[in-house]
Amino acid sequence: MADEIVFAVLTISDTCSQDAGQDRSGPRLVKLICDAFQNAHIITAILPDEREQISNKLRELIAQKSPSVSAIITTGGTGFAPRDVTPEATKILLDKECPQLAQYIAQASLQKTHFAALTRGVCGIAGSTLILNFPGSEKAVTECFEVVRELLPHALQLIGNELPLVRRVHAELQGSNGIAPPSGHICPHKTGKGDDSDRNSPFAMIPVVQALEIIFQTVQQQRAVAQLLNEFLSPVDIPPFRASIKDGYAMKSTGFSGTKKVLGYIAAGDEIIVHDLEEDECYKINTGAPVPHYADCVVQVEDTKLLKRKKTGEEDLVEILIEPKANLDIRPVGSDLRKGSKLFPSVDHSEVVIKSVLSSVGRNLGGVRKPKIGIISTGSELLAPEQAEEMGKIYDSNTTMLAELLQYFGFECAHKLVLSDDLEAVKGKIAELYKNVDFIICSGGVSMGDKDYIKPALQSLGFTINFGRVNMKPGKPMTFASKNENYFFGLPGNPVSAFVTFHLFVLPAIRWFAGWQRDKCELASLPITLQNDSIALDPRPEYVRAAVTSRNGRLYATVNGSQMSSRLQSIVGADVLVHLPGRTASKPNAVAGDVYRASVLRYDFISKYE
Ligand SMILES: Nc1nc2c(c(=O)[nH]1)N[C@H]1C(S)=C(S)[C@@H](COP(=O)(O)OP(=O)(O)OC[C@H]3O[C@@H](n4cnc5c(N)ncnc54)[C@H](O)[C@@H]3O)O[C@H]1N2
Ligand code: MOO
Ligand SMILES: [Mg+2]
């Protein structure tokens with residue numbers, strides 16, 4: 001497209017080149033560019049810290065014509081380590097160095113951290129392409145981009161890009177063109193106004209990482225639980241008394257081994273014995289029972305021999321076979337947890353953990369508020385599962401699926417609604433519901449049909465549509481909207497699309513709202529080896545449902561049959577969502593042996609061991 005400005009983001013890292021999921025600074029840069037330039041087209045690549053490979057890739061990008069690449073930003077490989085060679089690989093291609101620009105970035109970075117002195121990134125021009133070397137961390141690329149953001153339009157203009165285009169870019173950057181994009185920032189794909197002359201969706205199709213970023217920026221965290229866990233000080237010592245670690249005999253360590261008289265028997269729950277005992281006396285004691293005040297050692301039963309019982313059957317004399325040592329097998333007061341110390345060493349949102357640990361100090365979570373969530377399924381074709389079959393109708397699976405998913409992940413559904421495709425009814429019910437909940441998870445009615453009323457309903461209720469399409473399969477019309485502290489997820493109606501988008505977007509949003517740490521909000525993910533012979537890649541990145549086999553310590557994924565977004569059977573036996581990349585000319589198919597990242601859908605995610 002003539003209107004596009006082409007950027008390339010090159011992540012340079014040995015680690016990320018082996019496992020793209022580790023790359024944080026590359027996706028961050030993509031997001032920053034998308035935010036700053038409405039008409040950016042972004043090429044991305046990940047390379048190892050290999051000088052020749054980096055130079056070759058840069059050379060290829062610089063030589064690219066129609067459209068030519070306006071700017072390349074590299075991230076990584078600028079430090080002092082032996083394998084940091086990005087500046088060297090860049091320099092040999094530059095026609096002109098731009099030392100002032102490099103210095104300007106360095107100066108700004110130095111104000112944030114002295115460690116900025118340890119990066120060696122260069123800036124320069126090769127042909128008509130601007131190249132900037134940024135360091136390899138997410139924080140650093142954010143700071144560096146902030147520095148060059150304002151300068152880039154001018155810089156690109158001066159390098160020789162089309163003048164009107166750059167002027168427009170600049171106007172957009174300043175927000176002076178008067179046309180606000182629906183989501184605030186738009187990436188490449190075809191968008192239109194959606195009127196009769198332009199039949200494309202008016203919503204930009206944004207990358208998954210950007211959609212997630214928007215969600216995290218929009219949803220306000222309720223810090224109540226995190227704060228409570230962070231600040232909770234233990235009201236008690238554990239153990240509250242010196243407790244025996246073994247079943248054995250409590251005695252004075254100053255006495256020796258040999259015969260001792262058994263004064264009595266102390267069980268867990270008994271009171272602490274406070275009177276003195278002789279060195280040749282002892283008490284029989286159980287694990288967890290209080291050690292007598294004047295005893296300082298427990299000898300386990302295995303290291304003793306019973307010599308004599310009383311007529312009543314109780315033990316009378318015992319031989320201690322080892323030398324008693326002070327503090328042997330005694331847990332001192334507060335040795336597991338000291339009164340007044342932090343109960344939770346880190347914030348862990350597992351209810352199992354929170355409730356168990358609180359109960360160990362005699363407390364519970366009290367009145368902490370959980371996110372309130374409502375579920376809506378839309379569609380005039382929907383029948384409740386208990387209804388009789390009817391011509392033209394189908395059974396509603398999404399209401400049940402979404403409510404069960406919430407429950408599986410420890411959240412609750414407060415309200416369930418099934419609505420017909422009727423604009424006024426949809427509007428009215430959303431208006432009622434959103435006042436009573438934090439989140440609405442709706443399915444259906446978000447695509448291009450005449451009866452897809454969700455987006456218009458939201459707009460007329462004053463919601464901001466933060467995004468209305470995502471470059472993914474399934475889930476393209478995925479919609480996220482917000483109004484103050486109310487959040488609306490418009491999941492596509494196809495059941496599998498709803499399933500995938502719940503896991504990728506809704507769950508992280510709810511966890512974030514509930515105060516979870518950012519890194520823990522998304523599903524856990526791991527690298528997995530594909531077993532299927534060959535799968536044709538879609539132009540959109542695809543999230544395929546697959547079963548996991550463990551073989552010789554390695555995990556393999558088998559994709560579950562047809563991946564049509566209407567075919568709910570693909571979730572049967574689905575342990576993971578394998579992230580297949582979008583098709584490229586050089587990689588049209590995914591083949592057996594390819595390694596991809598996979599999001600783990602369930603706790604028991606290995607179906608088969610071979
Ligand atoms: N012209 C275009 N048409 C469509 C596009 C597009 O880009 N251009 N996107 C397609 C994609 S991708 C998807 S996904 C769907 C999303 O559709 P909607 O969100 O508008 O959902 P509906 O039209 O209401 O329903 C789609 C499909 O799903 C069935 N459905 C809906 N709700 C349920 C439910 N609760 N339980 C079971 N099945 C449900 C519904 O009957 C439809 O078959 O749009 C494409 N079209
Ligand atoms: O993206 Mo739709 O969700 O393919 O079916
Ligand atoms: Mg539709």
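What to note about this one:
- Condition met for Leu365 (more than 25 Å from Lys455 (Cβ to Cβ) and either in contact with an Asp or Glu (Cβ under 9 Å, 6 or more places away or on another chain) or not in a loop (DSSP other than H, G, I, E, B) (or both)): yes
- For region 209-234, a residue qualifies if it is open to solvent by 50 Å² or more (accessible area, probe 1.4 Å), at pLDDT 95 or above and either out of contact with any strand residue (DSSP E or B) (no Cβ under 7 Å at 6 or more places or on another chain) or of a type in the set (Val, Ile, Thr) (or both), and exactly one does: Gln220.
- Test: residue in region 397-420 that is part of a loop (DSSP other than H, G, I, E, B), among the hydroxyl-bearing types (Ser, Thr, Tyr) and surrounded by 15 or more Cβ atoms within 10 Å (Cβ to Cβ): yes
- Selection within region 423-447 - open to solvent by 30 Å² or more (accessible area, probe 1.4 Å) and of a type in the set (S, T, N, Q): Asn436, Ser447
- Filtered residues of region 34-74 (kept if polar (S, T, N, Q) and either under 24 Å from the mean Cα position of the chain (by Cα) or open to solvent by less than 20 Å² (accessible area, probe 1.4 Å) (or both)): Asn39, Thr44, Ser55, Ser70, Thr74
- Of the residues in region 511-525, none is touching a strand residue (DSSP E or B) at 6+ places or on another chain (Cβ under 6 Å), open to solvent by less than 10 Å² (accessible area, probe 1.4 Å) and of a type outside the set (Gly, Ala, Ser).
- Exclusive hit being of a type in the set (Phe, Trp, Tyr) and within 16 Å of ligand 1 (Cβ to nearest atom), set Phe513, Phe605, Phe505: Phe505
- Leading residue by the ranking (nearest to ligand 1 (Cβ to nearest atom)) among those in region 435-481 that are under 21 Å from the mean Cα position of the chain (by Cα) and closer than 22 Å to Gln222 by Cα: Ile441
- Candidate set: region 541-555, residues that are free of Cβ contacts under 8 Å to residues at least 60 places away in the same chain and buried (at least 20 other Cβ atoms within 10 Å of the Cβ); chosen: the one farthest from ligand 1 (Cβ to nearest atom): Ala546
- Among the numbered conditions (1) of a type outside the set (Asp, Glu); (2) without any contact (Cβ under 8 Å) to a residue 12 or more places away in the chain; (3) at positive phi, the only one that Phe115 does not meet is (3).
- Inspection of region 25-33 finds no residue satisfying the criterion of being over 21 Å from Ala140 (Cβ atoms) and open to solvent by 20 Å² or more (accessible area, probe 1.4 Å).
- Candidate set: region 464-488, residues that are buried (at least 24 other Cβ atoms within 10 Å of the Cβ) and more than 16 Å from ligand 3 (Cβ to nearest atom); chosen: the one nearest to Arg583 (Cα to Cα): Met472
- Tally of residues being over 33 Å from the mean Cα position of the chain (by Cα) and free of Cβ contacts under 8 Å to residues at least 40 places away in the same chain across region 124-151: 2
The values are calculated or read from the model by the stated rules, or taken from the named source; none is laboratory data. Everything numeric here is computed off the predicted structure, so don't read it as measured data. In this analysis, Cβ positions are derived from the backbone assuming ideal geometry, glycine residues included, and neighbour counts consider all displayed protein chains. To get the accessible areas, we keep the full protein, side chains included, count just its heavy atoms, and leave off ligands, DNA and RNA. Shrake-Rupley method; radii C 1.70, N 1.55, O 1.52, S 1.80 Å.
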